[in-house]
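Q: The structure's right below; bear with me while I get my questions together.
Each reported figure results from applying straightforward, stated rules to the coordinates on display, with no laboratory input. What you are looking at is a predicted structure, and each value in this text was computed from that prediction instead of being measured. Cβ: placed from backbone, ideal geometry, glycine included. Neighbour counts: every protein chain shown.
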């Protein structure tokens, strides 16, 4: 009997430890779907893609895919926003953020196809070297930035605010606000005029650039109220509950969670 109680106690302790580890990992591991239109699917590593809905968590390691006419906006745990255009594929290779652990920051993405807009959050401001966006022809780093990227063989980029560094085997070039750039295979990235953008890229940049994407909200109660107002506008009523309560609940989930 004593052995059985001991085994049960050890099992309970082990289960609690595993649950705590999983909760801690999930608390700083990804993003929340802020807005979605059309057929958007997310697939965890090695799993089949499934549709997503506003308020759903998207964890690191996920592959997000948008069909024709579809779009999704993700809000990451550090306040970063990412909008994925139609006919696009984005892999969230890694994302780690905890308010009180800057040394553990990491944001790694791979845009395999299509177009993407990113407004960096606290991670990009306090630890920009921890951010990386890869495409088939270039790696992109940030310096407090709002920018867009399109993979159309080659890769094109547009900087709305801040600066980005585009690097490949050919070298590294920094682009500032208002600049457009192109990266072709291993050739050094180079500036390009807006008039030289392919029509499909110009269209994607135009639509992404026109999106109303909220800036990172301040921490604390003020930030929670700001997120609540934003989400109330987007989601309306939620399964019969009062919209403000539902929005506030989602706002709490969007807050960076300290250790």
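Q: What distance in nm separates the two pseudo spin-label positions at residue 212 and residue 45, each 7 Å out from Cα along the beta-carbon direction?
A: Between residue 212 and residue 45, the simple spin-label model gives 3.9 nm.
Q: Now, a different point. Modelling each spin label as a point 7 Å along the Cα-to-Cβ direction, I'd like the residue 126/residue 193 distance in nm, to one decimal.
A: So the two model labels end up 4.4 nm from each other.
Q: For the ranges 112-123, 133-144, what's the packing order if you count other beta-carbon atoms within 10 Å of each residue, average per peptide, and put the highest first? The partial results should precede the final answer.
A: On the way: 112-123: 22.7, 133-144: 20.6.
For the peptides 112-123, 133-144, the packing ranking is 112-123, 133-144.
Q: With r as the distance between the Cβ atoms of residue 112 and residue 57 and R0 = 30 Å, compute the FRET efficiency 1/(1 + (r/R0)^6) and round to 0.05.
A: 0.90
Q: For a quick check: sort 33, 64 by the number of other beta carbons within 10 angstrom, fewest at the front.
A: Least to most surrounded, the residues fall as 33, 64.
Q: Along the Cα→Cβ direction, 7 angstrom out, place labels at residue 169 and residue 100. What is the inter-label distance in nm?
A: Spacing of the two 7 Å Cα→Cβ label points: 4.7 nm.
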